[in-house]
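Student: Structure incoming, see below.
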């Protein structure tokens, strides 16, 4: 059995600046979990097959909504309808503040919806909260 810190975090993010900001925030927090990265919707969906082939599934998925190839809401729907992986927590981490996106994300099974802060210090706070809750306090199935 793997420990909580051995399980990766899957970060689904296409924007290089946001990706760098997120990775720097986690590094600043000295996050122990490895980070898997998907840079578009197709890569995000390829992870389902990787998990089925034995890759350790993530402790949490951080999912952007505005992705090339396949929209984040469509990815969320696939993740949350999978019989084996639907219990993996999915945190929407996006710039969209649209109430329709928030509502749809929760209808599709999102566990949390966070609007990305633009300020690095605020992003550090988000990274700290994600680590504390999803990687330390939350008890996965």
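Student: Between residue 81 and residue 115, what's the calculated FRET efficiency when r is the beta-carbon distance and R0 is 22 Å? Round to 0.05.
Tutor: 0.30
Student: Within a 10 angstrom radius of the beta carbon, how do 126, 12, 115 rank from fewest other beta carbons to most?
Tutor: Fewest-to-most Cβ neighbours within 10 Å comes out as 115, 126, 12.
FYI, it's all coordinate maths here, none of it is from the lab. Since the structure is predicted, the reported quantities are computational estimates derived from the model, not experimental observations. All Cβ positions, even for glycine, are placed from backbone atoms using ideal geometry, and neighbour counts span all protein chains on display.
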